[in-house]
Amino acid sequence: MCNGWSLLKYAIALRLYWQYLGQEELDWQQITLDDLARFMLWLKVPSGSLKVLPAHPVEQARSNRTLHMEGAALISKAGRYC
């Protein structure tokens with residue numbers, strides 16, 4: 001059984017994932033590895049959109065540690081509860 005904090009982290013990761021799918025107009029049943037890679041990039045972009053990428057280096061929106069945790073939560077818990 002997982003604690004409330006873990007459940008919250010999984011919920012946040014899933015919310016972000018569904019937000020990305022909607023913005024990119026992707027069918028969740030047809031996701032490819034490239035789509036998942038683009039999701040991880042989407043999490044890094046401060047604008048929250050892959051349609052306009054910065055022309056010069058900018059600080060990423062989330063730390064690499066946060067990205068790793070969100071990606072791991074999404075992959076390990078997708079389709080099931082703790």
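With the condition being touching a helix residue (DSSP H, G or I) at 6+ places or on another chain (Cβ under 9 Å) and at pLDDT below 75, I'd like the helices (runs of 4 or more DSSP H) fully within the chain carrying at least 1 qualifying residues. Lay out the reasoning, then the answer.
On the way: elements: 4-24, 33-44, 64-77.
Helices (runs of 4 or more DSSP H) meeting the threshold: 4-24, 64-77.
Could you tell me whether residue 22 is of a type outside the set (Val, Ile, Thr) and on the phi > 0 side of the Ramachandran plot? Here the answer is no, as residue 22 does not meet what is asked.
Of the residues making up the range 54-69, those that are more than 15 Å from residue 12 (Cβ to Cβ) and out of contact with any Leu (no Cβ under 9 Å at 6 or more places or on another chain) are 54, 55, 56, 57, 58, 59, 64. Listed conditions (1) in contact with a Leu (Cβ under 6 Å, 6 or more places away or on another chain); (2) touching a residue at least 40 places away in the same chain (Cβ under 8 Å) are all met by residue 28, apart from (2).
The values are calculated or read from the model by the stated rules, or taken from the named source; none is laboratory data. Computed from a prediction, not measured in an experiment: that's the story for all the values here. With ideal geometry, Cβ positions are generated from the backbone for all residues, glycine too; neighbour counts draw on all protein chains shown.
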